[in-house]
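Read through the structure below, which is laid out as structure tokens, and then see the notes.
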Amino acid sequence: MPRIPKNLSDKDMVRGFVEEETLADRFARIEKEEKKERKEEAAAEPPLNLARAGFTPALMDDLGRALMQLKMELFREGVKNYTFKITRQGERIVLTPKYRN
């Protein structure tokens, strides 16, 4: 066995040392890689059809919440038969409930 040199700095003492990967480290690395892959898949997800092109999942979620609130308000008012009329006014898109008797 070789002699250990004296008066070495900490950096010199650990030069060339490679820590072995533990089971916990391996699982953590694999989990991190899977999360990264899921993020990439979610970001690269193509739109379902051209009508939804440009809508992010967050925007679709906000739109769904707003529609649900409108439906709940109509239900509280006793309106059960209705459709939606979509119109464009300049840069705005207006969604108006149309009541059926």
So which residues in region 53-101 are among the hydrophobic types (A, V, I, L, M, F, W, C) and part of a strand (DSSP E or B), if there are any at all? Phe84, Ile86, Ile93, Val94, Leu95
State whether one or more residues within region 42-57 are at pLDDT 85 or above and either surrounded by 10 or more Cβ atoms within 10 Å (Cβ to Cβ) or aromatic (Phe, Trp, Tyr) (or both). no
Within region 1-44, restricting attention to residues that are of a type in the set (A, V, I, L, M, F, W, C) and outside any helix (DSSP H, G or I), which residue is nearest to Ala58 (Cα to Cα)? Ala44
For region 78-94, give me each residue that is β-branched (Val, Ile, Thr) and open to solvent by 50 Å² or more (accessible area, probe 1.4 Å). Thr83, Ile86, Ile93
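The values are calculated or read from the model by the stated rules, or taken from the named source; none is laboratory data. Every value quoted in this text rests on a predicted model; they were computed, and no experiment measured them. Reconstructed Cβ throughout: ideal geometry from the backbone, glycine too, with neighbour counts over all protein chains shown. Just so you know, the surface numbers come from the protein's heavy atoms only, side chains and all, with ligands and any DNA or RNA stripped out. Shrake-Rupley method; radii C 1.70, N 1.55, O 1.52, S 1.80 Å.
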